[in-house]
Amino acid sequence: MTAPFSAPSASSSPAGAPATARRALPDAPLLVAARGGTPARVPVWFMRQAGRSLPEYRSVREGVPMLQSCFDPALLAEITMQPVRRHGVDGAILFSDIVVPLYAAGLGIDIVPGTGPVVAHPVRSAADVDALPELATEQVRPITDGIGLLLRELGDTPLIGFAGAPFTLASYLIEGGPSRNHEHTKALMHAEPELWHRLASHLADVTATFLKAQLDAGVDAVQLFDSWAGALSPRDYREFVLPHSARVLAAVAEYDVPRIHFGVGTGELLPAMREAGADVVGVDWRVPLDEAARRLQASGEPRPVVQGNLDPALLMSSWPVVEAEVRRIVAEGRGAAGHIFNLGHGVLPETDPEVLTRVVELVHSL
């Protein structure tokens with residue numbers, strides 16, 4: 001399969017410069033809901049909607065390593081568009097990976113099939129932190145070029161930019177790869193807090209640079225993924241993580257686009273995640289949306305906007321089960337100021353794409 005996008009010419013605008021004036025999408029349901037308005041319909045998109053559940057994705061990615069595909073503008077654009085064409089979702093999520101900015105900066109990191117990100121030399125000392133490279137916008141030029149291609153194709157569908165939060169990036173760097181217990185990360189946080197904050201501050205700069213590059217290229221919203229933050233207690237989150245995530249979200253506030261913040265297993269952290277500066281808080285399947293809205297309201301802020309939260313495993317069940325869960329979640333979401341329907345985590349590779357399409361149609365009908 002050949003991607004239907006042409007690669008940008010050498011005369012394309014430089015990285016960091018807007019590919020186009022920011023699109024005016026005043027009626028896009030996702031953006032209306034994200035701002036606490038009343039959209040024409042409940043908007044829906046799925047985390048990992050562009051990926052292994054789609055046969056067209058497997059075809060176009062055949063023989064192409066993951067990180068290479070993230071830095072091929074035409075391929076990145078094609079993969080991002082696939083679920084929009086197939087499912088009719090209300091938002092496109094930029095095809096990327098949490099470790100992309102670290103790789104772009106020159107860090108020795110790779111995505112190993114069946115394992116995930118693996119770091120050549122784990123970061124566990126002051127010298128390791130001092131040696132970390134900065135990220136320049138020119139280093140993510142292929143990604144911003146891909147965004148330019150997407151904006152010409154998407155029409156009225158918003159494009160969501162994507163980055164990993166400092167804690168999750170730090171966890172990969174310290175552990176050397178995915179971890180169940182994050183033991184090296186927690187040990188460093190508590191034993192060497194000054195070093196931890198230096199590392200997290202550096203990663204906040206990297207993440208902010210990456211998000212700003214995407215925003216300058218024209219994305220319509222951004223999502224900050226803190227995949228592993230649920231491993232922390234609320235006390236540790238507030239001391240070691242909140243300041244750095246808040247700095248990332250503050251760095252992009254001037255763009256005046258919705259900022260979504262999501263983590264897995266973060267039911268106890270929801271108020272703090274909102275305090276970090278999120279306009280929309282993503283909720284996994286462990287907490288009902290009406291309860292999540294109540295917890296978020298406890299922070300004294302205006303009524304929250306939530307995103308979520310169908311358990312992705314339930315997509316393997318019979319349609320009557322899926323339908324009942326979708327209807328329940330949409331009803332619970334009405335307790336918030338706005339609701340963007342999504343999964344409680346990413347689409348599983350074994351998911352039948354037809355079920356996802358039916359979910360989109362059902363949500364829109366409600």
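Laid out as a table, the results:
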read-out	value
Sparse-neighbour loop sites [GluC sites (Glu not before Pro); region 26-125; at most 13 other C-beta within 10 Å; DSSP]	E62
Estimated FRET transfer efficiency (D27, A253; beta-carbon r; R0 35 Å; 0.05)	0.90
The chain: relative contact order as a whole-number percent, Cα under 8 Å and 6+ apart	21 percent
Sequence-distant residues sharing a close amide H with I93 (under 5 Å, placed H)	I160
5 angstrom amide H check on N342, placed H, neighbours 5+ away	G308, N309, L310
Residue-averaged [θ]222 nm for the chain, counting only DSSP H segments that reach four residues, each worth -39500 (n - 2.57)	-12500 deg cm²/dmol
At most 16 other Cβ within 10 Å, DSSP loop - GluC sites (Glu not before Pro), region 263-358	E350
Spacing of the two label points (7 Å from each Cα toward its C-beta) at E138 and E183, in nm	4.4 nm
DSSP-defined beta bridges in region 59-304 - what % are antiparallel, rounded to 5	20 percent
Cβ-based charge dipole, the chain, positive-most Cα from L67, P302, A127	P302
Charged-residue dipole, Cβ positions (Lys, Arg, Asp, Glu), region 59-304 about Cα centre, Debye nearest 20	440 debye
Region 129-188 versus region 262-295: alpha-carbon centroid distance in Å	21 Å
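Here, each number is a calculation from the coordinates, and none is a lab measurement. Please read all numbers here as calculations on a predicted model, not as lab measurements. Glycine gets a Cβ as well: all are built from the backbone with ideal geometry, and neighbour counts include every protein chain shown.
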